[in-house]
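Structure first, then comments.
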Amino acid sequence: MKFTFRSKFVFINLALVLLTMILIAVIVIQGLIHNSIGSSQRRLSQYSNEAVLYIQQEVRADQSTSDYDTIFLNKSLSLVESLSNLYTTRTLLYDLDGNLLSDSANVELISNVSLDNEVSTALSLDSGKSVSLYKKVEDRSRIYSAAPIYIDDHKIGVVALIYSLEFMDTTIQQIITLFIFSSLFSMIILIILSNYMAKSILKPIRLLVDSTKKVSQGYYSELIKYDVKDEVGELTSNFNNMTLNISDKITEIEEEKYKLSAIISSIDDGIFAISQNFDILMVNEKAKEILNTSENEFESSILDNTPFLKDMVEAVLREENDIVTEVNFSNKHLLLLASSIMHNQNTLGVLIVIRDNTKLYEVEKQQKKFLSNVSHELRTPLTTIIGYTDLLQRRGTDNVELTNKSIDNINREGKRLLRLVNDLLSLSKYDQIDFDIIFTSVDINMLLEDVIYQMKVKSQKYNIDILYNTSELPRVRGDNDRLKQVFINILDNAIKYSNSGDVINVVATHYDNYVEISVRDYGPGVPEEYLERIFDAFYRVDEARSREFGGTGLGLSIVKSIVDRHNGKVYMESKDREGTMVVVKLLKEN
C-alpha cells in the first residue's frame, strides 16, 4: 500500500498528538500514584508506631497476670476494634508464630487477605521498626504495614494495618476517561486542519513532479514553468539551473574519466576498486599482471581465486578502517593496502592497491637471517670467555688447575671467535649468506660434557645445578662447533627460565638410527598455545625475563636451523608452570 505525502502528513500529526496525550496522562497518573502511595505509607508507618505504643500501654495496664503473651491474647479483639476506630483502618494482630489472633474486619472478609510475608519480616525486625508494602488485590489498591510489638524487650506479636486507596483508583479512572474523550476530540479537529494544510502545500509540488519526470528521463532541456514568487518558485528556478549545470558537469566528468584512466594505467602498482556488492568497478593492467589473470577472468572470478582480497574488502566495509597486509600469492610476496571509497560520508566501495614486493622481501629475509646468525655466532664464544674471566676474577689464580683450565677454554673460544670473524670476512668477500657446515665424526658424549662444564660457570652464579645422565653413545656425523652452539643455546635458555636452587637434567640415549639428547628444566614452562611458534625467530614467551637476561629471541631459531642442516629433529614439550623439556635427535654416524 502506497502512502501519499498527504496521508503521511495527517498520520504524523495524529501520532504526535496521540503520543503527547498519552505521555501527559502517564505523567499525571504516575505522579498521582507516587504521591498517594508515598504519603499513605508515611501515614501508615506513623499509625503502626502509635498502635504499638497503644498496645504496650494497654497490656501493661492489665494486672490480671504477669504474662504479657496471655494478656495480649485475651485483649486482642478489643485492641483491634479500638485501633480500627482510632485510625479508621483495618487492624490485625498476630502472635509470635505468625498466627492471626484478631481482625477488625467482618468474619466473612478475613480470608481475603494474606500478610504472611509482611508478618514474617516484621517478626525479624527490632523494636521501633516497621515494614510497609503497596499491593493491588482484586483491582483494589491497598497499603499493608506491619510492626513488631515489644514490651520490656520481650516480643509478644505483630500489629498489621491495611489502608485502602480506593479514592486513588477512582481518581485514576476519571483521569483516563477524561484523557480519552479529550484525545478523540483533538484528533477529529486535527484531521480536518491537516487535510486542508496538506492540500494547500501539495498543489504546487504536483506541478514540480510532472516536470521533473521528464528531466529524470534525460531530457535536460526540459525546464519547469512556475511563475509564483514563493518558496516553490525559488525551488523551480534552482532546479532549472541545476539541470543546465548537470549537462555541463557530465561532459566534464567524461573528460576527467579519460584522464584518470590514463594516470592509473601508468602507475607501477596494481589498483582496482570493488563496490559494496563485490562488483569490479575499475582495474588497471598492472593488477592483472600481478595476479596473473586476464580482464575477463578478473571480472568473473578474481575474488573466488583470491580469498584474501575478499576478506580485506569485507573487513574494510565492516570496520571502516584502512587495512595493510602482506600475503604470498602465486610465488609472489604482495603488499596490499585497502581503504574505503568515500563520498559525502557514504561508503561506495573499497580501493585496493597491490605492490609486488617479492624481490625486496627476499633480500630483507636473507639480510635478517644473516644478521641473526652472525650475532649469535659471535655471542656464543664471547659468553664463554667472559664467564671464565669472571671466574678467575672471583677465585683468583691460586688454584693452578682451575686457572689452567680456564685459560685453555678462553684460548679455545678465542680461536673459535677468530674463526667466526674469518668466516664473516669470507662471507663479505664472496657474498655468501649461510655458514658452511663441516661434517666430521663427533663424540657427542664428550661434546655434552664440555658444554655442561662451560655452562656450569654461568648456572652456579644463579645457584642452579646441571646434572648429566648418559650411557655409552655412538658417534654422530656433524659439525662439532655448530652442535656445540645448539646445546649452549638450549642450556642457556634453561638457565634463564630456572629458579634459584633448581636442577637442570640432561639425558642422552640412543635408539634406532638416532642419538637423543633431552634438556629438562623446572621453570615456569611454556603454555601449550605458544609451542608451535617457539622456534620462530625473535619469538619470546616472556619478553621481560628474556630481556633481563640479555636474550634476543633468536637462540631456539638458530638451534632449529642447525639441527635441520644435520637432518635431525628438535621439538619442545612443556606445560604451563611445570617446566620444559627440549629434545634433540641426531643421526648416528653410520
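A short reminder: the numbers here are calculations on the coordinates, not readings from a lab. Every value quoted in this text rests on a predicted model; they were computed, and no experiment measured them. Reconstructed Cβ throughout: ideal geometry from the backbone, glycine too, with neighbour counts over all protein chains shown.
Given axes a ≥ b ≥ c from the Cα gyration tensor, I'd like to know whether region 437-587 is rounded (a/c under 1.5), prolate (a/b larger than b/c) or oblate.
Because a/c hits 1.5 or more and a/b exceeds b/c, region 437-587 counts as prolate.
Place a +1 charge on the Cβ of each Lys and Arg in region 5-172 and a -1 charge on the Cβ of each Asp and Glu, then give the dipole magnitude about the Cα centre in debye, rounded to the nearest 20.
Computed about the Cα centre, the dipole is about 1260 debye.
Which shape class, rounded, prolate or oblate, goes with region 5-172 when its Cα gyration tensor gives a ≥ b ≥ c as root eigenvalues, a/c under 1.5 marks rounded, and past that a/b bigger than b/c marks prolate?
Verdict is prolate for region 5-172.
For K575, enumerate residues with amide H under 5 Å from its amide H, sequence gap 5+ or separate chain, H modeled in the peptide plane.
Those lying under 5 Å, H to H, from K575 are V526.
In whole Å, how far is the Cα centre of region 71-102 from that of region 1-48?
Each part reduced to its Cα centre gives a spacing of 41 Å.
Arrange the peptides 324-334, 348-358 so that the one whose residues have, on average, the most other Cβ atoms within 10 Å appears first.
Top to bottom by mean Cβ count within 10 Å: 348-358, 324-334.
Starting from the amide H of L348, placed 1.01 Å from N in the peptide plane, find each other amide H under 5 Å away whose residue is 5 or more places distant or on another chain.
Under 5 Å from the amide H of L348 lie the amide H atoms of I341, M342, H343, each far enough along the sequence or on another chain.
Farthest toward the dipole's positive end in region 5-172, which of P148, Y68, V137, given Cβ charges of +1 (Lys, Arg) and -1 (Asp, Glu) about the Cα centre?
V137
Starting with the highest mean, order 391-400, 303-312 by the number of other Cβ atoms within 10 Å, averaged over the residues of each peptide.
Final packing ranking: 303-312, 391-400.
Return the subset of K484/K575; K129/K155; K368/K575 for which the Cα-Cα distance in this structure is over 24 Å, preserving the input order.
Violating the 24 Å Cα-Cα cut-off are K484/K575; K368/K575.
Put a dot 7 Å past each Cα toward the Cβ at K214 and S66; how far apart are the dots in nm?
Label at S66, label at K214, 11.6 nm between them.
Can you tell me which aspartates and glutamates have their Cα less than 16 Å from the Cα of K569? Leave out same-chain residues fewer than eight positions away.
D479, D512, E516, E532, D536, E589
Among L447, P527, V506, whose Cα sits farthest toward the positive end of the charge dipole of region 437-587 (+1 at Cβ of Lys/Arg, -1 at Cβ of Asp/Glu, about the Cα centre)?
Comparing the listed Cα positions along the dipole, L447 ranks first.
Students often forget the sequence filter, so: which lysines lie under 22 Å Cα-Cα from K229 once same-chain residues fewer than 8 apart are removed?
Cα-Cα hits under 22 Å: K199, K203.
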